[in-house]
């Protein structure tokens, strides 16, 4: 049981875009690649917008190519959830690994990418 309350549906979360190929240079949109779980992850790392600005979130990483925002309610609408695990951090949970369920992992990553908006990019 988490020590944190369930996040409200209008809570905003930030996904740090840590690879250049996660951003479509032609459209300026987030690619689905930004929303795939890595092998040993159980959830997709996100930061809480109530605790850090997009710039502060980007500053947590050595190299960051953008910050994408999502609303928790939109994540829940596609059957996933966001679980807070520290004061400024949460995980998108319920995503399958590509190795286990490729089609479902691609479908959900695509839906998350469509819902997200880039709110910060380096100059």
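Close contacts from the stretch 83-109, counting a first residue that is on the phi > 0 side of the Ramachandran plot and a second that is assigned to a loop (DSSP other than H, G, I, E, B), with Cβ to Cβ under 7 Å and a gap of 6+ residues or different chains, come to 94/79; 94/80. Considering only residues that are over 14 Å from residue 116 (Cα atoms) and in contact (Cβ under 8 Å) with a residue 60 or more places away in the chain, which ones fall in the stretch 55-82? Correct list: 55, 57, 58, 82. Among the numbered conditions (1) touching a helix residue (DSSP H, G or I) at 6+ places or on another chain (Cβ under 9 Å); (2) surrounded by 13 or more Cβ atoms within 10 Å (Cβ to Cβ), the only one that residue 10 does not meet is (2).
When the stretch 75-123 is filtered for residues that are out of contact with any strand residue (DSSP E or B) (no Cβ under 8 Å at 6 or more places or on another chain), part of a helix (DSSP H, G or I) and over 16 Å from residue 10 (Cα atoms), the ones remaining, listed by number, are 102, 103, 104, 105, 106, 107, 108, 109, 110, 111, 114. For the stretch 61-74, taking the residues that are out of contact with any helix residue (DSSP H, G or I) (no Cβ under 7 Å at 6 or more places or on another chain) and part of a helix (DSSP H, G or I), the one that is farthest from residue 18 (Cα to Cα) is identified as 73. Going by the structure shown, is residue 9 under 17 Å from residue 116 (Cβ atoms) and either in a loop (DSSP other than H, G, I, E, B) or in contact with a strand residue (DSSP E or B) (Cβ under 8 Å, 6 or more places away or on another chain) (or both)? Yes. The lone criterion from (1) in a helix (DSSP H, G or I); (2) in contact with a strand residue (DSSP E or B) (Cβ under 8 Å, 6 or more places away or on another chain) left unmet by residue 15 is number (1).
Taking the conditions (1) modelled with pLDDT under 95; (2) surrounded by 15 or more Cβ atoms within 10 Å (Cβ to Cβ) in turn, residue 42 satisfies each one other than (2). When restricted to residues that are touching a residue at least 60 places away in the same chain (Cβ under 8 Å), part of a helix (DSSP H, G or I) and over 16 Å from residue 74 (Cα atoms), the stretch 18-54 contains 3.
The values are calculated or read from the model by the stated rules, or taken from the named source; none is laboratory data. Remember, predicted model here, so these are calculated numbers, not experimental data. Cβ atoms come from the backbone with ideal geometry, glycine included; neighbour counts cover every protein chain shown.
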